[in-house]
1. Can you tell me the orientation of helix 10-20 relative to the chain, as the angle in degrees between its alpha-carbon axis and the longest Cα principal axis, to the nearest 10?
2. Where a ≥ b ≥ c are the square roots of the eigenvalues of the C-alpha gyration tensor, would you call segment 1-45 rounded, which needs a/c under 1.5, or, failing that, prolate if a/b is larger than b/c, or oblate?
3. Determine the gain in length on full extension of the stretch VAL67-THR85; use 0.36 nm per residue of separation and subtract their C-alpha separation, reporting nm with one decimal.
4. Using the crude model of +1 on Lys and Arg Cβ and -1 on Asp and Glu Cβ, and no other charge, please compute the dipole size for segment 18-164 relative to its Cα centre, in debye to 20.
5. Give the shape of segment 1-90 as rounded, prolate or oblate, defined through the alpha-carbon gyration tensor: a ≥ b ≥ c are the square roots of its eigenvalues, a/c under 1.5 means rounded, and otherwise the shape is prolate if a/b is larger than b/c and oblate if not.
6. Helix 136-160 against the longest principal axis of the chain: what's the angle in degrees, Cα atoms only, rounded to the nearest 10?
7. Helix-only mean residue ellipticity at 222 nm, the chain, DSSP H runs n ≥ 4 weighted -39,500 (n - 2.57), per residue, nearest 500. What is it?
8. Along the three principal axes, how long is segment 99-160 when you take its alpha carbons, biggest first, rounded to the nearest angstrom?
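The values are calculated or read from the model by the stated rules, or taken from the named source; none is laboratory data. Remember, predicted model here, so these are calculated numbers, not experimental data. Quick reminder, even Gly has a Cβ in these numbers, built from the backbone with ideal geometry, and neighbours come from all protein chains shown. Just the protein is used for accessible areas: all its heavy atoms, side chains included, with ligands, DNA and RNA removed. Shrake-Rupley method; radii C 1.70, N 1.55, O 1.52, S 1.80 Å.
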Amino acid sequence: SASLKAGHSFDQALQAVAADIGQPAERELRRVVGEVHLGRALDDSLLDLGGRVRSVDLAFVLAAIAVQREVGGSLASLFELVAETVRAREQFRRKVRALTGMVRASASVLIALPFVAAVLITAVDGSYMYPLWHSASGHLLVGIAVAMMTVGAVVIRRIGSVRA
């Protein structure tokens, strides 16, 4: 945005961003700049960039660039708006991840607890767990318990996940 406001072309602004940004984005932007310098259309290079990176935010930015290049107008103000939107989306993702952290931690504890308890009880006094490990009905109960824990883990995971 700042480079465009300074009067540079979009190609020059992209080259400036590629020089200032860190890896791996630097490599990808330099590739786009190189392709454009070799005569490839900018829109095609940006489309390939979106295919290589596979980021929802980048796809949003590239779509905004494509529309703005067709319609016209201030690309600098568009970048400021898109940057603000992408920052807000990332802040929202982090907030959701923080809010669902307790659910994810609870799921980990609830899944690990029976295994830890079985190992500890076996270590303390193996005779308590002997029927579970050495009889057909014990194997059936262990299988049922593992199946129920798997279903519970899936349910807890779905409760803790948020679809955007």
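1. The answer is roughly 50 degrees.
2. Details: a/c = 2.47, a/b = 1.13, b/c = 2.19.
Because a/c hits 1.5 or more and a/b fails to exceed b/c, segment 1-45 counts as oblate.
3. On the way: separation 18, 0.36 × 18 = 6.48 nm, distance 1.65 nm.
Full extension of this stretch gives 4.8 nm more.
4. On the way: 17 positive and 13 negative charges, 80 e Å.
Roughly 380 debye for segment 18-164.
5. Numbers: a/c = 1.29, a/b = 1.11, b/c = 1.16.
Because its axes are fairly even, with a/c under 1.5, segment 1-90 counts as rounded.
6. So the helix axis and the longest Cα principal axis differ by about 30 degrees.
7. Numbers: 9 runs with 138 residues, N = 164.
It comes out at -27500 deg cm²/dmol, rounded to the nearest 500.
8. Cα spread of segment 99-160 along its principal axes, largest to smallest: 43, 23, 7 Å.
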